[in-house]
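Beneath this line is the structure, given in structure tokens, with notes to follow.
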Amino acid sequence: MRNSQNIFTFRSFRVFLISASLFLCAISCGSSKNVSKTKKNTPAKVIAKDNLRSLDSNFSGKISDDIVELLKDAEKYLGAPYKFGGDTSAGFDCSGFALKVFNENDVKLPRRSSDQAEFGEDIRVKEIKPGDLLFFATSGGSRVSHVGIVHSVERSGEIKFVHASTSKGVIISSLHENYWNKAFLHAKRVLQQI
């Protein structure tokens, strides 16, 4: 009888550990800090197609050499795996990826995405340029739980960003994708651009 109780307790503990691990993965780079209650950006227009917001930039200029180098550093990690708490090429979470890329360019960012969201200058969607940071609420609500680095702005105004995705590792995504469009919160500029 005692042996079967030990097996039951071990199984319960194992189920608890697996459940806790899945929960942590689901919240990704989540934080417990709410985004400031002050309005960061003017509300974006909603596009009828899939009820997506119009999240396009007016940027069409050149980027500085510093931004070019930052983006090269980000691109060299494309394909690196996702790892909760990771900040090396062996595995990144979203804020660890942003931290690593900016550190390689002599810019010190805080570790957590919620703290990164308080760093730098607030910018409107129409002002977004490559090298800016984008913040998302991937768990719903208004809590910052994900960060990406703007990679490019297409001629159409479509904003593409590089980030550490929980399912695919370091990839390039678009604010025109339904998931990211709905989760987008605001943008920040960390590097001064010419």
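The values are calculated or read from the model by the stated rules, or taken from the named source; none is laboratory data. All values derive from a computational prediction rather than experimental measurement. With ideal geometry, Cβ positions are generated from the backbone for all residues, glycine too; neighbour counts draw on all protein chains shown. Quick note on the areas: whole protein, heavy atoms, side chains included, nothing else; ligands and nucleic acids left out. Shrake-Rupley method; radii C 1.70, N 1.55, O 1.52, S 1.80 Å.
Scaled against 2.2 N^0.38 Å for its residue count N, the alpha carbon radius of gyration of region 56-159 is 1.06.
For R189, R143, give me the order by solvent-accessible area with a 1.4 Å probe, most accessible first, ignoring ligands, DNA and RNA.
Final ranking, largest accessible area leading: R143, R189.
Under 16 Å from a label point set 7 Å out along the Cα-to-Cβ vector of T88, no amide N atom of region 141-172 is found.
The accessible-area ordering, largest first, of the residues Y179, Y82 stands as Y179, Y82, per a 1.4 angstrom probe. Note on exposure: V150, V107, V68 ranked by accessible area (1.4 Å probe, complete protein assembly) read V68, V107, V150, with the most exposed listed first.
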